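Read-outs: derived from the displayed coordinates by stated rules, not from any lab. This structure is a prediction, so every number in the text was calculated from the model and none was measured. Every residue, glycine among them, receives a Cβ derived from its backbone with ideal geometry; neighbour counts consider all protein chains shown.
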Ligand code: FRU
C-alpha cells in the first residue's frame, strides 16, 4: 500500500472553530502538499483538553513520525506531550506552550513582547490619562498569560495609562460581547485591549450599539480579510500581526525528519497594524492568495499528469505481459 511508505505528521490542533486556526491548518496542508512523501493528519480537539489528550494518545499509538501540538491549555496537555517526546516521537510545539522544555522545537511569535508592544503603542499614541479594559484569552493558555504579563510590564513606563478592569474572554467573540455589555454602563473606559481580533470585534459591536463614545480598540492577529479588514474599515483601531506559523512548522518538521540542523526555539515576527498600513497589507495578502491558488492549481495539474502517466505505464505493461 502506498500509505505505509509515507512519512506521517500528526497535528493535534486545540480548536478549529475560528479563522486563525483554519488558516493555520490550510497553510500546513498546502506546504505539506509540496512534499508527496508526507501525509499530514490534523485532529481537532474542539477546545477540550481531554479530547486533545486522547487524540495525542492515538497519534502515539499510531507511531506517527512527527507530532505537532498546539495545546489548548498548558498544564493539562504537558504530561501527554512530554510522554510522546520521551517515547521517541519528534514533537513540535506551536503557538501555545506546554510547561516543559521536553520537545524537539517550539515555533511561534513572542506573546510577552506583543503584550508589551501593545502598551507601548497606546502609551505613545495617548499622552493624556486613559482608562483601559483588557479582555484576555483563555486562562491557562500561554499566549493569554504572556500577553497579559507583557502588557502589565509595558504599562509601567506610561503613568497616564491605567488598567481598570481585566476579564477572561476565552478567545471568544460572544464572551467579549457579554463582558463589554456588562461593563458599558458600570465602568468608564477609553481603551479596550482584547487579546485577539474577534474579541475586539465583539467589544466594538457592543460599544457602537450602546454608546457614541470614541473608544480606542486594539486586538491581535491581523488576519487577512479579518483583522486587517477590521482595521482598514475602522471597526477596530489597531492590531498586531500574529502569524500562524503553519507553513514554517511543516518546513521545520521536514528539517527534523531529515536530521538537518534546526533551532529549538523558532520565533516568528510580529508588527503593529493600524490605519497607516492596514490597506496595503490587505491588498498584498489578496495578491498572495491569488498566487497561492495558481500554485495549488499547478500542483493539481502535475498530480493529474502523473496519474495519467502511471495509468498508461500500467496499460503498456499489461500489453507486454499478455
Ligand atoms: C485562535 C486564537 C488566536 C490567538 C491564538 C492564541 O484560536 O485564539 O486568535 O491569537 O489562538 O493561541
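Starting from residues that are without any contact (Cβ under 8 Å) to a residue 24 or more places away in the chain and more than 17 Å from residue 14 (Cα to Cα), keep the ones in the range 80-100 and report whichever is nearest to the ligand (Cβ to nearest atom). Please lay out each step first, then the result.
First, pick out the residues of the range 80-100 that are without any contact (Cβ under 8 Å) to a residue 24 or more places away in the chain: 82-83, 85-86, 88, 100.
Narrowing further to those that are more than 17 Å from residue 14 (Cα to Cα): 83, 85-86, 88, 100.
Details: 83: 23, 85: 21, 86: 25, 88: 28, 100: 18 Å.
Looking at the filtered set, the residue picked out is 100.
Against the definition (touching a helix residue (DSSP H, G or I) at 6+ places or on another chain (Cβ under 8 Å) and farther than 27 Å from residue 170 by Cβ), how does residue 15 come out, yes or no? Break it down into steps so the answer makes sense when it comes.
On the way: touching a helix residue (DSSP H, G or I) at 6+ places or on another chain (Cβ under 8 Å): yes; farther than 27 Å from residue 170 by Cβ: no.
Against the criterion (touching a helix residue (DSSP H, G or I) at 6+ places or on another chain (Cβ under 8 Å) and farther than 27 Å from residue 170 by Cβ), residue 15 does not qualify.
Within the range 198-220, work out how many residues are over 13 Å from residue 118 (Cα atoms) and in contact with a strand residue (DSSP E or B) (Cβ under 7 Å, 6 or more places away or on another chain).
We begin by selecting, within the range 198-220, every residue over 13 Å from residue 118 (Cα atoms); these are 198-215.
Still in the list and also in contact with a strand residue (DSSP E or B) (Cβ under 7 Å, 6 or more places away or on another chain): 199-200, 203-204, 215.
Adding up the residues that qualify gives 5.
Any residue in the range 208-220 that is buried (at least 21 other Cβ atoms within 10 Å of the Cβ), within 12 Å of the ligand (Cβ to nearest atom) and free of Cβ contacts under 8 Å to residues at least 40 places away in the same chain?
Initial filter on the range 208-220 (buried (at least 21 other Cβ atoms within 10 Å of the Cβ)): 217-220.
Of the ones still in play, those that are also within 12 Å of the ligand (Cβ to nearest atom) are 219-220.
With free of Cβ contacts under 8 Å to residues at least 40 places away in the same chain added as a condition, the list becomes 219.
The answer is yes; a qualifying residue exists.
Only one of these is closer than 25 Å to residue 16 by Cα and out of contact with any strand residue (DSSP E or B) (no Cβ under 6 Å at 6 or more places or on another chain): 269, 276. Name it.
When all the criteria are applied, what remains is 269.
Being away from the ligand (no atom under 16 Å from the Cβ), under 17 Å from the mean Cα position of the chain (by Cα) and in contact (Cβ under 8 Å) with a residue 60 or more places away in the chain is the filter here, so list the residues in the range 1-54 that pass it.
Passing the criteria: 30, 31.
Go through (1) in contact (Cβ under 8 Å) with a residue 24 or more places away in the chain; (2) surrounded by 13 or more Cβ atoms within 10 Å (Cβ to Cβ); (3) more than 15 Å from the ligand (Cβ to nearest atom) for residue 275 and report which single condition fails.
(2)
Identify, from the list 148, 195, the residue that is touching a strand residue (DSSP E or B) at 6+ places or on another chain (Cβ under 9 Å) and within 12 Å of the ligand (Cβ to nearest atom).
One residue alone meets the criteria, 195.
When residue 229 is evaluated against the numbered criteria (1) surrounded by 13 or more Cβ atoms within 10 Å (Cβ to Cβ); (2) closer than 25 Å to residue 101 by Cβ, which criterion, by number, is the only one it fails?
(2)
Determine, yes or no, whether residue 109 is touching a strand residue (DSSP E or B) at 6+ places or on another chain (Cβ under 6 Å) and away from the ligand (no atom under 12 Å from the Cβ).
On the way: touching a strand residue (DSSP E or B) at 6+ places or on another chain (Cβ under 6 Å): yes; away from the ligand (no atom under 12 Å from the Cβ): no.
Taking the combined requirement at face value, the residue does not satisfy it.
So, of the residues in the range 55-77 that are within 16 Å of the ligand (Cβ to nearest atom) and outside any strand (DSSP E or B), which turns out to be surrounded by the fewest Cβ atoms within 10 Å (Cβ to Cβ)? Break it down stepwise before answering.
Restricting attention to the range 55-77, the residues satisfying the condition of being within 16 Å of the ligand (Cβ to nearest atom) are 68-77.
Next, from what is left, pick out any that are outside any strand (DSSP E or B): 71-77.
On the way: 71: 28, 72: 24, 73: 20, 74: 19, 75: 12, 76: 17, 77: 27.
Residue satisfying both the conditions and the ranking: 75.
Among the candidates 265, 252, which residue alone is exposed (fewer than 12 other Cβ atoms within 10 Å of the Cβ), in contact (Cβ under 8 Å) with a residue 60 or more places away in the chain and farther than 21 Å from residue 198 by Cα?
Numbers: 252 fails: exposed (fewer than 12 other Cβ atoms within 10 Å of the Cβ).
One residue alone meets the criteria, 265.
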